[in-house]
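Visitor: Have a look at the structure that comes next, please.
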Amino acid sequence: MSKTYDLVVIGAGPAGLAGAMETAEHGLSVLLLDEQPEAGGQIYRSIRTTQRLRPQAYALLGPDYQHGQTLESAFQQSGVAHLSGASVWQVEPD
């Protein structure tokens with residue numbers, strides 16, 4: 001990956017998703033890094049595939065979990081670059 005971004009957000013949980021989208025709305029280029037294969041973090045884990053692959057679990061987890069699908073869908077439309085399977089070991093000022 002050789003592209004330069006204005007901002008790199010570490011973590012694709014609710015706060016990371018919201019922050020990345022808000023920054024992109026202001027015209028900055030954003031890269032979102034996360035270890036998991038899908039955005040959502042601990043709270044909305046696998047939100048994009050749970051309804052399709054595990055409909056009973058999706059229903060059982062209720063409206064709070066299901067709200068994550070709205071956030072994840074907005075993220076998919078935001079144009080923010082997302083790199084899954086990424087581990088961040090060190091961050092330095094320069």
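Visitor: Around residue 12, what is the net charge, scoring Lys/Arg as +1 and Asp/Glu as -1 over all other residues with Cβ under 14 Å from its Cβ?
Guide: Numbers: positive: 45, 48; negative: 34, 35, 38, 72.
With Lys, Arg at +1 and Asp, Glu at -1, the neighbours total -2.
Visitor: I need the phi-derived Karplus couplings for region 47-59: 6.51 cos²θ - 1.76 cosθ + 1.60, θ = phi - 60°, integer Hz, Gly and Pro marked x.
Guide: 4, 5, 10, 4, 4, 6, 8, 9, x, 5, 5, 4, 5
Visitor: Run the dipole for the chain about the Cα centre, Lys and Arg Cβ at +1, Asp and Glu Cβ at -1, nothing else charged, and hand back the magnitude in debye, nearest 20. Working shown, then result.
Guide: Details: 5 positive and 10 negative charges, 101 e Å.
Dipole size: approximately 480 debye.
Visitor: I would also like to ask the following. Arranged by the count of other C-beta atoms within 10 angstrom, fewest first, what order do 23, 49 take? Don't skip to the end; give the middle numbers.
Guide: Numbers: 23 19, 49 12.
Ordered by Cβ neighbours within 10 Å, fewest first: 49, 23.
Visitor: Enter the angle in degrees (range 0 to 90, nearest 10) between the Cα long axis of helix 14-25 and the first principal axis of the Cα atoms of the chain, meaning the one along which they spread out most.
Guide: It is inclined by approximately 50 degrees.
Visitor: Before anything else, pin down the relative contact order of region 7-84: Cα pairs under 8 Å, at least 6 apart, normalised by residue count, whole percent.
Guide: Details: 117 pairs, mean separation 28.9, N = 78.
Across region 7-84, relative contact order equals 37 percent.
Visitor: I'd like to know which of 53, 21, 71 lies farthest towards the positive end of the charge dipole of region 7-84, counting +1 on Cβ of Lys and Arg and -1 on Cβ of Asp and Glu.
Guide: In region 7-84, that residue is 53.
Visitor: Between residue 83 and residue 52, what FRET efficiency comes out of the Förster formula 1/(1 + (r/R0)^6) with R0 = 22 Å and r the beta carbon distance, rounded to 0.05?
Guide: Numbers: r = 23 Å, r/R0 = 1.06.
E(calc), rounded to 0.05, equals 0.40.
Visitor: Considering the chain as a Gaussian network with a 10 Å cut-off on Cα pairs, which listed residue, 28, 61, 17, attains the greatest mean-square fluctuation?
Guide: 61
Visitor: Something else about it: Under 1.5 on a/c is rounded, so check that first for region 7-84, then, if it is not, pick prolate when a/b is larger than b/c and oblate when it is not; a ≥ b ≥ c are the square roots of the alpha carbon gyration tensor eigenvalues. Before the final figure, lay out each step's value.
Guide: Numbers: a/c = 2.49, a/b = 2.02, b/c = 1.23.
Prolate.
Every number in this text was worked out from the coordinates using simple rules, so none of it is lab data. This structure is a prediction, so every number in the text was calculated from the model and none was measured. Reconstructed Cβ throughout: ideal geometry from the backbone, glycine too, with neighbour counts over all protein chains shown.
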